[in-house]
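Participant: Below: one structure in structure tokens.
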Amino acid sequence: MEKLKPYHTFGLDVSADGISFLEKTEDCISFLRHRNPKLLLGCGSDVLFTENFSGQIGIMRTAGVDICEDQECYHVRASAGEIWHKLVASLTYQGIAGLENLALIPGTCGAAPVQNIGAYGREFSDFCEYVEAVDASGSVVRFAPAECAFGYRFSRFKGEWRDRLVITAIGLRLPKRWKPVLDYGPLRSLQTVSDLKPVDLLEHIVEIRRARIPDPAVLGNAGSFFQNPVVDEPCCQRLREEFPDVPAFSLGNGSFKVPAGWLIDRAGLKGFRYHNAGVYDKQALILVNYGGAEPADLMELARHVAGCVYDRFGVRLHPEVRIFGKTGEISLD
Ligand code: NAP
């Protein structure tokens, strides 16, 4: 058995039968040919292990960033093992702008398309030129954005293609003409800043996120634990009548996104603690390991949170974090 503690951000004492580090495309192909169960990790920032994993863990470590340009755009190719935030920061400081709103989202570049990471009104798919992946036969496939079926924190890599491919690289297209997106509440103060530079926006976002998201090296966590629930119009109407200050954002198709963090907070759970696990007191959407938490503590806590939110608001929360038991992915229920 090999210890998984250094390879996932919840910092739990769990192990796996084996760990392999994927440094080149051939390693990715060999990994795909491994018998099940197997699980590919980037930074391990989106997983909760409930017990020791009876299978092989692959850790994406491919490296390399290439940049070229034409008159209108920069074209950036990043290997899947590159750390997303490092790429965002390095490009912004080099004067290649566009990705600032996506600063400090944890994880690797290869993980970015899987759930179409997004923040403050921007998402990965706004910049995606292609996603490259290999399958178990060794074929390298390049997918155009339309083939990836990107949605809100969703893509085919998370859906029907899950576990069949390993993403090896991403291609980004970043227009040279910079148009900052400053519509989200915490960014509006920048709308009146004259001569705003991409670096100013990057640093503003890093500051906001650092204040709200605990550093996993200090406090184990996996970022947002739950997805923001999407409710239909009658449900949204009912919530608005009962809780007039509920923030609900129209998705334009008759459904509404309700911030899960608000629901958890208003269910009175911000700062709630269960054994050595808890609801983070600065951001209710994050569950934390205060040190020495058992996987069962986090599972119990997550069930309690989802149960309280349902009892109070009649809205079901679903984990954003992927939960793994001994032989594979499991649900929270
Ligand atoms: P927040 O600013 O407290 O906002 C809570 C939620 O309300 C967000 O999820 C956001 O939806 C929504 N929201 C706020 N203003 C909005 C507007 N003007 N129009 C539409 N929706 C609006 O969120 P937070 O938890 O601190 O997170 C900050 C940002 O980081 C959010 O955009 C969040 O989605 C993002 N984030 C992304 C990931 C990921 O990609 N895996 C993980 C953690 C956080 P949206 O989710 O659509 O932005």
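The values are calculated or read from the model by the stated rules, or taken from the named source; none is laboratory data. Bear in mind the structure is a predicted one, so any value in this text is a computation, not a measurement. Neighbour counts are summed over all protein chains in view; Cβ atoms, including those assigned to glycine, are modelled from backbone coordinates with ideal geometry. These accessible areas exclude ligands, DNA and RNA; they are computed on the full protein's heavy atoms, side chains included. Shrake-Rupley method; radii C 1.70, N 1.55, O 1.52, S 1.80 Å.
Participant: Could you check, for the range 150-171, whether at least one of its residues is among the aliphatic types (A, V, I, L, M) and assigned to a loop (DSSP other than H, G, I, E, B)?
Facilitator: no
Participant: Please verify whether Pro247 is within 14 Å of the ligand (Cβ to nearest atom) and open to solvent by 20 Å² or more (accessible area, probe 1.4 Å), treating the condition exactly as stated.
Facilitator: yes
Participant: So which of Asp265, Asp232, Asp333, Asp215 ends up being within 16 Å of the ligand (Cβ to nearest atom), open to solvent by 80 Å² or more (accessible area, probe 1.4 Å) and among the acidic types (Asp, Glu)?
Facilitator: Result of the check over Asp265, Asp232, Asp333, Asp215: Asp215.
Participant: So, one more: Which strands (runs of 3 or more DSSP E) does the range 6-89 wholly contain that include 2 or more residues that are among the charged types (D, E, K, R) and farther than 29 Å from His318 by Cα?
Facilitator: The strands (runs of 3 or more DSSP E) meeting that bar are 65-69.
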